[in-house]
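No value in this document is a laboratory result; all are computed from the given coordinates. In this text, all values refer to a predicted model and were calculated from it rather than measured experimentally. For neighbour counting, all protein chains shown are included, and Cβ atoms are generated from backbone atoms with ideal geometry for every residue, glycine included.
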Amino acid sequence: MGLSNCLALPEDYQVLRSIVRKFAEDRIRPQVLQNDREARFPAGIIEELGQLGFMGAPINPQYGGSGSDFLSYAILIEELSRVDPSIGTIVSAHTSLTAVPLQRWGTEEQKGKYLSLLASGKTLGAFALTEPESGTDAASIQTRASRDGDHYFLTGTKVWITNASHAGLFIVFARTDNRGNHKDISAFIVDRESPGLVVDPSESKLGIKAAHSCTVHLDGVKVSARDRLGEEGQGFKIAMQSLDGGRIGIAAQAVGIGQACLEMSIQYAVQRRQFGRPIAEFQAIQWKIADMATQVEAARLLTYRAAMLEDKGENITLAASMAKLFASEMCVSAAREAIQIHGSLGYSAEYPVEKFYRDSKVTEIYEGTSEAQRMVIASRLLKELQ
Ligand code: CAA
């Protein structure tokens with residue numbers, strides 16, 4: 001249903017959408033509410049997604065990936081999130097924040113060693129940037145990486161790390177110098193089994209409960225210099241460029257949430273009768289649906305545009321932030337209106353719109369808050385005008 005192909009994408013994309021949609025309906029939907037109630041990580045689904053090649057969609061086949069373009073990847077995240085935003089989060093953090101940075105900055109040795117494990121989904125990836133005192137101000141991280149010969153020793157605390165409960169590999173950002181600016185930051189590939197790395201249980205949170213977010217403690221974790229990703233001092237740039245791609249993933253997730261809310265609202269409005277007729281016949285409901293549909297489609301176009309720019313090898317910072325900002329705020333509003341259309345049923349935890357409302361909120365927060373997106377957009381535009 002809906003307008004999800006109003007861009008008239010070539011057939012390959014439509015086929016991909018229908019394959020992912022069928023998988024999500026058949027395999028994911030039956031367990032969504034239970035996984036949410038129990039905050040249960042959907043390990044079996046992630047394994048199946050790996051077998052289908054969906055855990056390494058934009059990774060080169062040379063490294064075990066599917067070699068898809070970024071637009072296909074955005075459609076994948078959109079369709080997974082239309083049924084379960086938690087799975088959209090897991091796949092997006094794994095792919096855009098772990099596998100893609102490894103593909104872009106990894107040495108051949110690092111790619112040979114780690115990338116095919118990530119691309120096949122056998123190893124789950126996590127991106128460890130945020131700290132208790134460093135959220136939006138990402139350049140202020142305090143985790144240290146002290147060099148001793150051929151090794152670094154990492155000490156610090158990372159918080160809200162998506163996938164940490166099940167990740168086998170982390171990209172960890174730490175300071176390798178003391179000048180106090182972003183040029184001190186370097187990135188490291190860290191094996192989960194490294195002594196000194198401890199992962200706490202997942203946070204108790206409002207939404208996306210099946211996607212775990214954990215605190216990760218690093219106490220003198222020994223990392224070979226061969227596992228430094230990029231050069232010393234390049235870490236902040238690696239983090240920011242990874243987040244550019246990640247923000248397209250979150251925008252796609254938000255489009256999936258908005259689409260789900262729209263579909264559920266239409267289905268409910270045509271069958272729910274009040275005052276002797278379906279509520280879909282009332283203008284109050286029609287206007288909500290019209291606004292929701294328009295905003296979902298606008299968010300989709302911004303998201304696909306950012307993905308297409310990535311596929312053309314262009315700078316995506318501005319387009320990705322615009323897509324993430326608009327799509328995340330759109331999906332929170334769509335979920336709120338979907339509850340309003342459903343009335344008290346929408347407020348019930350037995351009904352999926354309640355979960356979409358809870359799941360939607362984080363899209364305005366993680367991978368850069370809406371305020372951070374506005375900072376990025378404004379600073380890019382002002383720089384261009386100077
Ligand atoms: N690509 C490449 N380089 C970039 C860049 C980008 N997108 N953005 C900035 N840079 C470079 C700049 O060019 C500059 O380099 P030079 O000094 O060489 O010129 C340098 O980085 C510093 O740039 P800024 O002065 O703009 O940096 P800032 O400190 O003012 O930060 C910010 C700006 C936009 C607020 C940034 O810190 C930011 O995006 N914050 C949000 C962080 C975030 O998204 N965190 C989420 C973490 S992951 C998560 O949510 C959980 C999870 O597990 C998924």
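Points to keep in mind about this one:
- Each residue of the range 75-140 gets 122 Å³ once the volume of the Cα convex hull is shared out per residue.
- Largest GNM mean-square fluctuation among PRO101, PRO201, PRO42, using the chain with Cα springs under 10 Å: PRO201.
- Radius of gyration and Dmax over the Cα atoms of the range 1-152, both given in Å: 17.6, 60
- One quarter of the surface of the convex hull around the alpha-carbon atoms of the range 4-55 equals 4.4 nm², the direction-averaged projected area.
- Built from the Cα atoms of the range 59-108, the convex hull projects on average onto 3.4 nm², one quarter of its surface area.
- Within the range 66-207, DSSP assigns beta bridges of which about 70% are antiparallel (rounded to the nearest 5).
- The chain: angle of helix 370-385 to the longest principal axis, Cα-based, in degrees nearest 10: 70 degrees
- Directionally averaged shadow of the range 265-356, computed from the convex hull of its alpha-carbon atoms, nm²: 6.6 nm²
- Along principal axes, Cα extents of the range 197-298, largest first, whole Å: 71, 30, 15
- Remark: for residue pairs LYS158/LYS205; LYS312/LYS361; LYS113/LYS237; LYS324/LYS355, the C-alpha separation exceeds 27 Å in LYS312/LYS361.
- Helix 85-94 axis, angle to the chain major axis (alpha carbon atoms, nearest 10°): 20 degrees
- The chain - Rg (one decimal) and Dmax (whole number), Cα, Å: 20.8, 79
- Tensor-based shape of the range 116-272 (alpha-carbon gyration tensor, a/c under 1.5 rounded, otherwise prolate or oblate): prolate
- Ordering THR303, GLY313, SER333 by Cα displacement along the dipole of the range 290-386 toward the positive end leaves GLY313 in first place; charges were set at the Cβ atoms of Lys, Arg (+1) and Asp, Glu (-1).
- Computed from backbone phi, the HN-Hα couplings of the range 178-187 come to 10, 6, x, 10, 5, 6, 7, 8, 10, 10 Hz, rounded to whole numbers (Karplus: 6.51 cos²θ - 1.76 cosθ + 1.60, θ = phi - 60°; Gly and Pro given as x).
- GNM top mover of GLY50, GLY180, GLY149 - the chain, alpha-carbon springs below 10 Å: GLY149
- From largest to smallest, the equivalent ellipsoid semi-axes obtained for the range 311-386 from the alpha-carbon gyration tensor read 33, 11, 9 Å.
- Assuming charge only on the beta carbon of Lys and Arg (+1) and of Asp and Glu (-1), the dipole of the chain about its Cα centre is about 400 debye to the nearest 20.
- The angle between the Cα long axis of helix 283-311 and the longest principal axis of the Cα atoms of the chain comes to about 30 degrees, rounded to the nearest 10.
- Each of ILE266, MET322, HIS182 was scored by the projection of its Cα onto the charge dipole of the chain, and the greatest displacement toward the positive side belongs to ILE266; charges sit on the C-beta of Lys, Arg, Asp and Glu.
- Descending semi-axes in Å of the range 117-180, equivalent ellipsoid built from Cα gyration tensor: 23, 17, 8
- Candidates per trypsin sites (Lys or Arg not before Pro) in the range 238-315, loop by DSSP, up to 12 other Cβ within 10 Å: LYS312
- DSSP bridge orientation in the chain - percent antiparallel, rounded to nearest 5: 85 percent
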